[in-house]
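Engineer: Submitted below is the structure of interest, expressed as structure tokens.
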Amino acid sequence: MTDVVMRTGMTDRTVEAIRDVLSGKARRFSPLLFAGPAVIASIAYMDPGNFATNIQAGAKYGYALLWVVLMANVIAMLFQALSAKLGIVTGRNLAEMCREHFPQPVVYALWIVSEVAAMATDLAEFLGGAIGLSLLLHIPLVAGMGVTAVLTYGILMFEARGFRPIEIIIGALVAAIALCYLVEMFIAPVDWGAAAFGSVVPRLPDAGALTIAVGIVGATIMPHAVFLHSGLTQNRAPARDDNERRQLLRFSNIEVMIALAVAGLVNMAMVVMAASAFNAGHSDVAEIETAYSTLTPLLGAAASGVFLTALLASGLSSSAVGTMAGQMIMQGFVGFRIPVIVRRLVTMVPAFIVVWLGVNSTSALVISQVVLSLALPAPVIALLIFTRRKDIMGVFANSRLTNIAAIVGTVVILALNLVLLLQTFGVDIPGLPSS
């Protein structure tokens, strides 16, 4: 392998083709040369944690929380675009930037928070794949976890061959999830007027809706995705000057908008499906297993089969991407790399403990998303600090409008977390009905 292949994960020919496009030498432009990082990051927005929170949101509150999904997805687009920009402009990922620019105590604190978030992520993703396999093969959940571990490790082995193979695999699984929910929309009896109203009119029916709303934010804007995107772009197509960086940012922003728009529509489709299928007569449906078994008598075997296919694709792909992110976070903060299998074993432990203790799997998924939402401010604030600094980003430092939008997004996240903490400790929140 040449040095270029080692640094970028692409062949010399691919790198040269990208540079020809950036320099204007290429006669034909292929978006596929630049597509990939946002597609991989987008799987974090369609993982089993999303299934759990979206099923609960739709079943209990109908279409009322669709606006939360839409808001979270718009905020996610902004922060994923900023993460990609950091990697393209600096050639460093977010974890590396934290290690280089923050005091050591802050670095250690951020590392601990990020590792906790990575474990919560793996818990959700690993459990989701295991639930899907146990339902499909009628095997115990522990056995499903074992099969999920083997399949995930198999997917990760393709990473050694460069970016493209793993991107194709993850992209195919993303397409499968999207297709499954497109089919569900034709099967479920959707009230499109109520869905449109719920998408644009903010409301929280009761205090329980707040917990689900924070879970949706945690499942949509994920800490490991914010870290990962900068790592996927830092060596993707090394730019030689500011003009090439500017073009790369344009391609990256387009990819982010398309990939996360698809992810957002899938999330909204999850809520819509749960609302149309369960809210009227089965609002107590709160578990993935119950949702699967209830769909068959309500909408037929096709609906439950499609649901299970999407869950399997989500669990396997997001588990692989979660491990990739965990490796990058650890390497960025502490400066050393551990083997994939060791990282996989370490992050599987919490999931096995949860199952061994008999904790309800879907409840564990929702709780993991709340943990992620509480951990989210750390990488988001760090990202905002770095991308607004001209001494780091040069001419690519955030504009005033971008800074304002990012600050508003961060404040929304912090406000949701604060209200959740107050609610957890029994503090009455004015204007919010009790559960």
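Engineer: So between S293 and L418, what do we pick up on full extension, going 0.36 nm a residue minus the alpha carbon distance? Write down the numbers at each step before the final one.
Structural biologist: Details: separation 125, 0.36 × 125 = 45.00 nm, distance 3.61 nm.
Extra length available between S293 and L418 comes to 41.4 nm.
Engineer: Across region 269-276, in residue order, what do the Karplus-derived ³J(HN,Hα) couplings come to in whole Hz, using 6.51 cos²θ - 1.76 cosθ + 1.60 with θ = phi - 60° and x for Gly and Pro?
Structural biologist: So the J values, rounded to whole Hz, are 5, 4, 5, 4, 4, 5, 5, 6.
Engineer: Check each of the trypsin sites (Lys or Arg not before Pro) in region 157-239 and keep only those in coil by DSSP with at most 13 other C-beta atoms within 10 angstrom; list them in order. Walk me through the numbers on the way to the answer.
Structural biologist: Numbers: sites: R161, R203, R236; in loops: R203, R236.
Hits after loop and neighbour filter: R203.
Engineer: If you don't mind, another one. How much length is gained if the chain between V359 and D206 is pulled fully straight, taking 0.36 nm per residue apart and subtracting their Cα-Cα distance, in nm to one decimal? Show your work: numbers first, answer last.
Structural biologist: Working: separation 153, 0.36 × 153 = 55.08 nm, distance 2.56 nm.
Once the chain is fully extended between V359 and D206, it gains 52.5 nm.
Engineer: Would you mind calculating the gained length between V411 and N243 on full extension (0.36 nm times residue separation, minus the Cα-Cα distance), in nm to one decimal? The partial results should precede the final answer.
Structural biologist: On the way: separation 168, 0.36 × 168 = 60.48 nm, distance 3.32 nm.
Result: 57.2 nm gained on full extension.
Engineer: Measuring from label point to label point, each 7 Å out along Cα→Cβ, what is the F197 to I404 span in nm?
Structural biologist: Between F197 and I404, the label points sit 3.3 nm apart.
Engineer: If I model a spin label as a point 7 Å beyond the Cα along the Cα-Cβ vector, how far apart are those points for R250 and H138 in nm?
Structural biologist: Taking the two extended label points, one gets 5.8 nm.
Engineer: In Å, what is the Rg of the alpha-carbon atoms in region 51-167, and how long is Dmax?
Structural biologist: Just the Cα atoms of region 51-167 yield Rg and Dmax of 18.7, 51 Å.
Bear in mind that the values in this text are calculations on the coordinates, not laboratory data. Source: prediction; values computed, not measured. Please note: Cβ atoms are built from the backbone with ideal geometry, for glycine as well, and neighbour counts cover all protein chains shown.
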